[in-house]
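Down below is the structure, laid out as structure tokens.
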Amino acid sequence: MAMEAHEHPVRLIVEDDLRRNRWTVFFRLLLVIPHAIWFFLWTILIIVTAIANWVISLFTGRPPGGLHRFMCGYIRYQAHLTAYISLTGNPYPGFVGEEGEYPVDVALPAEPQQQRRWTILIRILLAIPALLVSAALAGSTGGSYSSGKGGKTRGGNGGGALLVVCAVLGWFASLARGRMPKGLRDAAAYSIGYSAQVTAYVLLVTDRYPNSDPTQMLAGVERPSRHPVRVVGDPYDLRRSRLTVFFRLLLTVPHIVWLLLWAIVAILASIAQWFVTLFRGTPAAGLHGFLTRYVRYRLHVYAYLLLVANPFPGFTGTEGTYPLDLEVDGPKRQNRWKTGFRIILAIPALLVSAALGGALFAAAVLTWFYGLVNGSAPWGLRNLSAYALRYDAQLFAYELLLTDAYPHASPLEGEDAPPE
Amino acid sequence: VTLRRAALVLVLGAVWAVAAWLLWRSSLPAYHLPHLDERALFPARLLHRAQHFSSVGRLFWLGNTAVQLLVLGVYAHYGVRFTRESAAGPIGTGMLLGMLGFALVWAAQLPFAVLGVWGRHRYGMGGSYVQATIGNWLALAGTFLFLSLALAIVMGLARRVGRRWWLPAAPVFIGLAILFAFVTPWLLGGEPYNRPDVVARLERIEHVRHVPVRVLDAFDEPNAFATGLGASRRVFLWKPIVDPPFTPREDQFVLAHELGHLAHNHIWKSIGWYALFAFPGTYLLALLTRRRGGMGVPAAIPLAIFALVFLQLVQLPLQNVISRHLEAEADWSALRATHDPTAGRQLFQLFASETLEDPSPPWWDYVLLENHPTLLQRIEMTRYYATSAQSP
């Protein structure tokens, strides 16, 4: 299964060094105007040619070579432009979607591929689930930036998209530090990559369905360092009981009530912990353990509700009892400034978490239908959801003073530091 | 040991019987209802429609019950397989198994719910498909919540106390019943009834004080109920009963009936009856699930649910006898408070035309389904009151 995913014909290539020029960052939206006009025109042409491509492909089973290359150029250009606007890439992109010329690029099949005719016939219908996920991640499958006011090619989800949030936060961060935060860059790149796969699928460049697995998408990207709050679980734990999937929302009701009751105590405990950490510099071990259990239980419940895991979770948040579990390091000394202003500092992460929540919701709805039919969860969506839940858990751990390490937005799991 | 056990059973049975006798006592006189001919009270066409409508309803009930028993019977046998869908430990797994059992019953009964609405529409009555499906779904969420709580209590006690879990469990459930009865009126909301003068006058007669009367807008049938304990006592009128064709005179009778429930402590009496059934009920449950390891083991839960539903069905006739007795006392109380048997008769006649309730259903329907006296019996009581010495 993993090998199969490696072979996706549309691959994201990220060779970005995170450095950003403050001047171009500040004027980024103005600088992009020529590209926006150009992209708008190109999109109109693409719509016309895509129809012709579709008709021809229906008869021949494969797109003509010229049209295929034209579509590939458009997809690459869209990726470059989106990367530039969202600060995922630094240099000004070219206008024709040159291959290998931009630090955030997309590798596409060089030659048109034979495709099943029935999938060509109903390609748009088949693409709807992927379009929904793409809308949650990137705001649309393309063209949303250049032609937004015109509305014709805009397909976003109204500003809650992960890419938009990463771009806005990245703008401030890049202006301040001259560098794009790696977490935000990775999250934005992931969104761009998925969007490119969806566009390639819709434009008949490939008949491989888009794969939302973050690890596969960012295969060549360096992993972030180990975070004190980690989500562990088997990414191939995909079996789902159809009966419990159908009634999942209702089956979670007792857990939701219990979680709400627990939350009241957790809030009080976190206030107490705030004072302790502020004065002592280190959280109280007892409260740390209690709050860790609460965050873990929350993860278990959300994982069950949103179909990221199959079994009914326990009510105690005990470690090692659930397929998607939370590991939290013990209480460590924390920066008092970060403790004092924790709520304010958490605001950017809250925005990212809200954006990921949209993707999580879309993934859950789609998994529900898929699970009912197949008795399993789609691998890509499961791992996208696990990523969103991990970020949410890290955010909660940060807010509840389990750690002062900021939530890492990268879809990639952190890795242990190499031995000295 | 056997003798001692027999003696204990006898003593407990006697205590139960004395308690039941105390609860049964009422203000009802030793009356003998006059026999009336329903054809003289209801138009022939209405009688025909009501009988036909009720017979369809009975069929749906039979179907529903059969499906419920069938599904739970199969689930009692195979439901244990769903244990593998849980990582929640024994009690959590028990909760999951319990919820899944009711989820399956819900799914199996859904066609009947939809057919029920279709049937009502055919007779020109209200009913919403959304309510019968999605609304039903939300109601299932409430069921799951209470079921989970009940299973957490039972399984927790069974794991701690062992085979005699039912001894502490029954008082816990009685306590919960009291709590729910106390809290529920405050959760229901509703608009104040617009005739406080009538309420105040009836309160004086019925010897109850400060009982707020609320009108609930969410129902499409004429009905009313009294609930609450102490400070939470309330009377709720469903909106259709305060609208035409019901007149203020008939509404007054309805109010007097509901206040009669409160005046004669029927909520407390109902809890008392519940307590009387709770001990033998939980004991039987403990007994029936022993072969599966007892209620502390998740594997016993599918069987326990089947047993619970079956026991509820078996005790239905007895519960209906008790309920009809309480309702008859409330009717009598209303007659004494209003001195208006004509309003009572008109009210019950209107019920037949508005709800298409069969005024004199077949015996098995009466035994299994009727928790109120039949409309004909209620009209007969108004006639009895009118002709008896109680009437002014």
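The values are calculated or read from the model by the stated rules, or taken from the named source; none is laboratory data. Everything numeric here is computed off the predicted structure, so don't read it as measured data. Glycine gets a Cβ as well: all are built from the backbone with ideal geometry, and neighbour counts include every protein chain shown.
What to note about this one:
- Lone unmet requirement of (1) without any contact (Cβ under 8 Å) to a residue 40 or more places away in the chain; (2) touching a Phe, Trp or Tyr at 6+ places or on another chain (Cβ under 9 Å) for A:VAL276: (2)
- Per the conditions (1) over 22 Å from A:ALA167 (Cβ atoms); (2) surrounded by fewer than 19 Cβ atoms within 10 Å (Cβ to Cβ); (3) not acidic (Asp, Glu), the sole criterion not satisfied by A:THR367 is (2).
- Qualifying residue in segment A:298-315 (condition: surrounded by 19 or more Cβ atoms within 10 Å (Cβ to Cβ), touching a Leu at 6+ places or on another chain (Cβ under 9 Å), farther than 28 Å from A:ARG242 by Cβ and in contact (Cβ under 8 Å) with a residue 40 or more places away in the chain): no
- Flag if A:LEU324 is surrounded by 21 or more Cβ atoms within 10 Å (Cβ to Cβ), more than 11 Å from chain B (Cβ to nearest Cβ) and touching a residue at least 24 places away in the same chain (Cβ under 8 Å): no
- All positions within segment A:117-154 that are of a type outside the set (Gly, Ala, Ser), modelled with pLDDT under 80 and crowded, with 20+ Cβ neighbours inside 10 Å: A:THR141, A:TYR145, A:THR153
- When B:THR289, B:THR355 are checked against the criterion of being closer than 22 Å to B:LEU47 by Cα and among the β-branched types (Val, Ile, Thr), B:THR355 stands alone in meeting it.
- Against the conditions (1) closer than 18 Å to A:PHE290 by Cα; (2) within 14 Å of another protein chain (Cβ to nearest Cβ), A:LEU251 satisfies every one except (1).
- Residues within segment A:233-248 that are modelled with pLDDT under 90 and loosely packed, with under 15 Cβ neighbours inside 10 Å, tallied: 2
- Segment A:241-270 residues that are of a type in the set (S, T, N, Q), paired with ones that are part of a helix (DSSP H, G or I) and surrounded by fewer than 17 Cβ atoms within 10 Å (Cβ to Cβ) (beta carbon under 6 Å, 6 or more apart): none
- Filter result for A:ASP392 (out of contact with any strand residue (DSSP E or B) (no Cβ under 6 Å at 6 or more places or on another chain), surrounded by fewer than 19 Cβ atoms within 10 Å (Cβ to Cβ) and either acidic (Asp, Glu) or modelled with pLDDT of 95 or more (or both)): no
- Selection from segment A:280-292 of residues that are part of a helix (DSSP H, G or I) and over 26 Å from the mean Cα position of the chain (by Cα): A:ARG280, A:ALA285, A:GLY286, A:LEU287, A:HIS288, A:GLY289, A:PHE290, A:LEU291
- Checking A:LEU395, A:LEU400, A:LEU350, A:LEU412 one by one, the residue that is over 22 Å from A:TRP274 (Cβ atoms) and either within 20 Å of the chain's Cα centre (by Cα) or touching a residue at least 60 places away in the same chain (Cβ under 8 Å) (or both) is A:LEU412 and no other.
- Residue count, segment A:370-379 (criterion: within 14 Å of A:ASP213 (Cβ to Cβ) and surrounded by fewer than 19 Cβ atoms within 10 Å (Cβ to Cβ)): 0
- Residues that are over 26 Å from the mean Cα position of the chain (by Cα), of a type in the set (Gly, Ala, Ser) and in a loop (DSSP other than H, G, I, E, B), drawn from segment A:59-93: A:GLY61
- Qualifying positions in segment B:323-370 - among the aliphatic types (A, V, I, L, M) and surrounded by fewer than 21 Cβ atoms within 10 Å (Cβ to Cβ): B:ALA328, B:LEU350, B:LEU356, B:VAL367, B:LEU368, B:LEU369
Per-residue answers, yes or no, for (1) more than 10 Å from chain A (Cβ to nearest Cβ); (2) farther than 22 Å from B:LEU147 by Cβ; (3) at pLDDT 90 or above:
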{"site": "B:ASP37", "(1), (2), (3)": "yes, yes, no"}
{"site": "B:ALA50", "(1), (2), (3)": "yes, yes, no"}
{"site": "B:VAL71", "(1), (2), (3)": "yes, no, yes"}
{"site": "B:TYR75", "(1), (2), (3)": "yes, no, yes"}
{"site": "B:LEU97", "(1), (2), (3)": "no, no, yes"}
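- Checked against (1) within 20 Å of B:HIS261 (Cα to Cα); (2) assigned to a helix (DSSP H, G or I); (3) in contact (Cβ under 8 Å) with a residue 24 or more places away in the chain, B:ALA200 meets all criteria but (3).
- The residues on offer are B:ALA17, B:ALA30, B:ALA40, and the sole one that is among the aliphatic types (A, V, I, L, M), under 30 Å from B:ALA263 (Cα atoms) and not in a loop (DSSP other than H, G, I, E, B) is B:ALA17.
- Leading residue by the ranking (nearest to the other protein chains (Cβ to nearest Cβ)) among those in segment B:118-147 that are among the hydroxyl-bearing types (Ser, Thr, Tyr) and out of contact with any Phe, Trp or Tyr (no Cβ under 9 Å at 6 or more places or on another chain): B:THR133
- Any chance A:TRP368 is at pLDDT 95 or above and of a type outside the set (Asp, Glu): yes
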